[in-house]
Amino acid sequence: MCKNLLTSFHTHTYLCKHATGVPLDYVKEADSCAGLGFSDHCPYPHDDVWNDCRMNASDVPLYLTMVEEAKKEASFPIFLGFECEWLPQFESWYRDYLRGELGVDYLVFGSHWFPIEDDLVWAPHLRTKEDISSYVDFTIQGLQTGLYDFLAHPDLFLAFCTHIDSELLKISSYLIDACIDLNIPIEINGAGSLAPKIMRDGIEESGYPAIAFWEIARDKKATIICNSDAHSPKNVLYGAYSAHQFAKKLGIKVQDFLPILQKKLSK
């Protein structure tokens, strides 16, 4: 696939504290792509929530201004979004503030963290099948709110798994089935495809996207999209290209999220 025909709707900025660049930098690097969406890690009403890996609430006006500036310079459509976690206490924040007051074009569900007792555990660090299964149930609970337009890196929980057994395949299938039932696209993540490989079941591959997960999604005919998850301008299209290459190797039919989103926004 020619890079100038790519789209990506998973793009970050320096405001999230673990990426570089401003929207205009990504637009310049993307050149003549077909469409680009900015989905930096969303703010929360209190700055003590995930404060080391997302923008602060006070950053929102700057973020909106920077995306508007990028729109003026781009020769292709630009869309405004956020990548959000799921915790029930923030549902109204997502629905009333991000979607309602700010009027964003879309929200991405990045299910990175799972609450266990008084702690938030990063999905790849979940070790027991019970915790992983509960994490998937928790993720589905978030999807069922209807707040999110696609699920980013749905196989993130497999990132450090060196052996995917029948139980993990069953858990993966359960999550994929839920996304199909809810008509929510799932994302092959370009940032994962560019990360260092691991040895899994005797094969060197990405921690995520995990081949076994995506073989199930392919066979079930889930709606599958590709995004860069770019944290630096140089990867704004290269990550998406790498995700498409992964899909091609597995014979996955990829959908373009651009017309899916445009159809939603036209209603």
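The values are calculated or read from the model by the stated rules, or taken from the named source; none is laboratory data. Computed from a predicted structure; not experimentally measured. Cβ: placed from backbone, ideal geometry, glycine included. Neighbour counts: every protein chain shown. Heavy atoms of the whole protein, side chains included, go into the accessibility calculation; ligands, DNA and RNA do not. Shrake-Rupley method; radii C 1.70, N 1.55, O 1.52, S 1.80 Å.
Would you calculate the separation in nanometres between label points at MET199 and LYS220, each defined as 7 Å from the Cα along the Cα-to-beta-carbon direction?
Here the answer is 3.1 nm between the modelled labels.
Dividing the Cα convex hull volume of the stretch 152-225 by residue count, how many Å³ per residue is that?
With only Cα atoms used, the stretch 152-225 gives 75 Å³ per residue.
For the pairs LYS72/LYS264; LYS197/LYS263; LYS28/LYS170; LYS72/LYS197; LYS234/LYS264; LYS170/LYS234, note any where the Cα-Cα span goes beyond 32 Å. Numbers along the way, then the final one.
Numbers: LYS72/LYS264 23 Å; LYS197/LYS263 37 Å; LYS28/LYS170 43 Å; LYS72/LYS197 39 Å; LYS234/LYS264 29 Å; LYS170/LYS234 37 Å.
Pairs exceeding the cut-off: LYS197/LYS263; LYS28/LYS170; LYS72/LYS197; LYS170/LYS234.
With every protein chain left in place, what is the accessible area per residue of the stretch 108-267 in square angstrom, probe 1.4 Å? Write down the numbers at each step before the final one.
Working: 7270 Å² over 160 residues.
The answer is 45 Å² per residue.
Only bridges whose two residues both fall in the chain count here: according to DSSP, what percent of them are antiparallel, nearest 5?
Here the share of antiparallel DSSP bridges comes out near 30 percent.
Determine the percent antiparallel among the DSSP beta bridges restricted to the stretch 79-219, to the nearest 5.
Numbers: 8 of 15 bridges.
Roughly 55 percent of the DSSP beta bridges within the stretch 79-219 come out antiparallel.
Report the full-extension gain for the segment ASP31 to LYS234: residue separation times 0.36 nm, less the Cα-Cα distance, to one decimal in nm.
Numbers: separation 203, 0.36 × 203 = 73.08 nm, distance 1.13 nm.
My answer for the length gained is 71.9 nm.
For GLN89 and ILE116, calculate 0.36 nm times their separation in residues minus their Cα-Cα distance, and state this gained length in nm to one decimal.
8.2 nm
Could you grab the Rg to Rh ratio for the stretch 97-211? Cα atoms only, Kirkwood for Rh. Numbers along the way, then the final one.
Working: Rg = 14.7 Å, Rh = 15.0 Å.
With Rg and the Kirkwood Rh in hand, the quotient comes to 0.98.
How much length is gained if the chain between ASP47 and GLN144 is pulled fully straight, taking 0.36 nm per residue apart and subtracting their Cα-Cα distance, in nm to one decimal? If you can, show how the numbers build up before the last one.
Numbers: separation 97, 0.36 × 97 = 34.92 nm, distance 2.66 nm.
So the extension gain works out to 32.3 nm.
Tell me the carbon and sulfur percent of the accessible area for the stretch 186-242, rounded to whole percent, probe radius 1.4 Å.
Exposed carbon and sulfur together represent 53 percent of the surface.
Nothing charged except the Cβ atoms of Lys and Arg (+1) and of Asp and Glu (-1): what's the magnitude of the dipole of the chain about its Cα centre? Round to the nearest 20 debye.
It comes to approximately 1120 debye.
Please name whichever of ALA212, LEU143, SER193 sits farthest to the positive end of the charge dipole of the stretch 90-242, dipole taken about the Cα centre and charges placed at Cβ: Lys and Arg +1, Asp and Glu -1.
Of the listed residues, the answer is SER193.
Roughly how big is the stretch 1-153's charge dipole about its Cα centre, with Cβ charges of +1 (Lys, Arg) and -1 (Asp, Glu), in debye to the nearest 20? Working shown, then result.
Working: 10 positive and 24 negative charges, 111 e Å.
With only Lys, Arg, Asp and Glu charged at Cβ, the dipole is about 540 debye.
Can you give me the Cα centroid spacing of the stretch 6-57 and the stretch 75-146 in angstrom?
Cα centres, the stretch 6-57 to the stretch 75-146: 16 Å.
Kindly report the accessible area of the stretch 28-75 per residue (heavy atoms of protein chains, probe 1.4 Å, no ligands, DNA or RNA), in Å².
48
Mind checking the log10 I(q)/I(0) for the stretch 182-257 at q = 0.13 Å⁻¹? Debye, one equal scatterer per Cα, no solvent, two decimals.
Debye intensities relative to I(0), on a log10 scale: -0.36.
Label GLU130 and SER166 with points 7 Å out from Cα along Cα→Cβ: what is the distance between them in nm?
2.2
Please compute the contact order of the stretch 43-164 in relative form: average sequence separation of alpha-carbon pairs under 8 Å and at least six residues apart, divided by the residue count, as a percent.
22
Once the mean 1/r over all distinct Cα pairs of the chain is inverted, what Kirkwood radius in angstroms do you read off?
18.5
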